[in-house]
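Read-outs: derived from the displayed coordinates by stated rules, not from any lab. A quick note: this is a predicted structure, and the numbers were derived from the prediction, not measured. Glycine gets a Cβ as well: all are built from the backbone with ideal geometry, and neighbour counts include every protein chain shown.
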Amino acid sequence: MKNYYLPTNLLFGRGRISEIGTETAKWSKRALLVVGMGSAQKSGLLDRALGILKEAGVFCEIFSGVEPNPTTTTVYKGASIALEQNLGVIVGIGGGSVLDAAKAIAFSALNPGDLSDYIFGRKTSDLALPAILAPTTCGTGSEGNGFAVLTNPETGDKKSIKSHSIIAKASIIDPELMQTMPTRVLATVGFDALCHNMEAFLSKGSHPIAEGIALRGVELGASSLARACSGSKCSKAWDDLAWASVMGGMAINMAGVTAPHGLEHPASGLRNITHGEGLAALTPVIFDRSTGHGEDKFRVLANIIGRERNCASAVRRLLHDIDLLVKLSDLGVKEEDAEWMTDNALKISKAGLDAHPKAFSREEIKEIYLAAM
Ligand SMILES: [Zn+2]
């Protein structure tokens, strides 16, 4: 089954954060403003956004402290504030975790009960409060899709809510907001964006619209990431990365992810590792072990990323260039975790594993985890 339905309203360009007030006010004059652990506060962006929102007549209740790999518990807290205070719109300003939390709060506010029912498809809903998003990193692509990845702290399951209702009413993609990222953060989020595009292109669920967006996303991301990581302030490189991020988010909304995301989520669900670092440890190993399947597509990617024939080695070279050649064991994942991660991947990532060009057996999945240590 191949579908295209993606009504995103993207406002792209430097300085366009100035429009967050008017975009929000279209939906409600009472907003929950969701931010993270402090970077928007420190950089002055939070105050700036509050000023713009106030000018547009929008009252804001601030919900701060969203953690990396946001939990369902955090989402329930935000949703109850939105309900208690009768807030009509959710605004998320931050990295992928903040945007995912904002979207999930918008969903949870109108769908009371256990979010796991929606995450595991036992229930569905087309209801959510409107969400307005402004990403400050260029990785997640959350600003361009209907996913919100959450971790259940009781089970360790890290899996997405997927609903058209949480596609943002407007996403303000202002590359200027991203240029304060530390280099390591940039490398990890940028590689995540590249993976979204690569995986959407490789996915068995892909189609010509998704492939077109994903391939251009790979091209933009691969050509600019190393440059930006080496300290370049070239605005074209940063604009390209911002496009690659949103295009990756849109491409996976259509085609889904494959094995790298499928196997990474159990690792970050269990050990709370950084998503982009987990992807960096797993992706080349998975590509090595996919040989003989989807060869044509892997060759296209290898050529775009590194002008070579082997995709795993092109990806390794790029990771070397952005100083992100890591192993799962460097990140705190232990060999004895392989068994749990394998079982968890088969539980939560069936769709992603099914969409990968090669079908991996349980034993092969465990071997991938061990080889990535
Ligand atoms: Zn991702």
- Label model pair Lys350, Asn303: point-to-point distance (7 angstrom along the Cα→beta-carbon line) in nm is 3.7
- Difference of contour (0.36 nm per residue) and Cα-Cα distance, Ser361 to Glu295: 21.8 nm
- Item | Within the range 10-178: Cβ-based charge dipole about Cα centre, in debye rounded to nearest 20 (Lys, Arg +1; Asp, Glu -1) | 180
- Distance in nm between Ser18 and Lys233 label points, each 7 Å along Cα→Cβ, equals 2.1
- Task: Only loop residues by DSSP count here, and only those with at most 10 other Cβ atoms within 10 Å; note down the trypsin sites (Lys or Arg not before Pro) in the range 49-140 that meet that.
- Result: Arg122
- Message: At a 10 angstrom cut-off on C-beta neighbours, averaged per residue, how do the peptides 272-285, 299-312 rank from highest to lowest?
- Response: 272-285, 299-312
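Helices from the chain with mean Kyte-Doolittle at least -0.5 and a Cα length along the axis of 27 Å or more, per DSSP H: which? Mind dumping the intermediate values first?
Values: long enough: 183-202 (28 Å, 0.76); 208-229 (31 Å, 0.71); 235-255 (29 Å, 0.41).
Going by DSSP H runs, the hits are 183-202, 208-229, 235-255.
Just want to confirm a number: the relative contact order over the chain, from Cα pairs under 8 angstrom separated by 6+ residues, in percent. Walk me through the numbers before you get to the answer.
Values: 800 pairs, mean separation 58.4, N = 373.
Relative contact order of the chain: 16 percent.
What number comes out for the charge environment of Ala359, summing +1 per Lys or Arg and -1 per Asp or Glu over other residues with Cβ under 12 Å away? Don't skip to the end; give the middle numbers.
Values: positive: Lys204, Arg289, Lys350, Lys358, Arg362; negative: Asp354, Glu364.
Charge balance in the 12 Å sphere: +3.
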- Dipole of the chain [Lys/Arg +1, Asp/Glu -1 at C-beta], most positive-end residue of Ile209, Leu45, Met181: Ile209
- Item | For the range 269-343 and the range 202-223, distance of Cα centres in Å | 18
- Distance (nanometres) between label positions extended 7 Å along Cα→Cβ at Asp126 and Leu83: 2.3
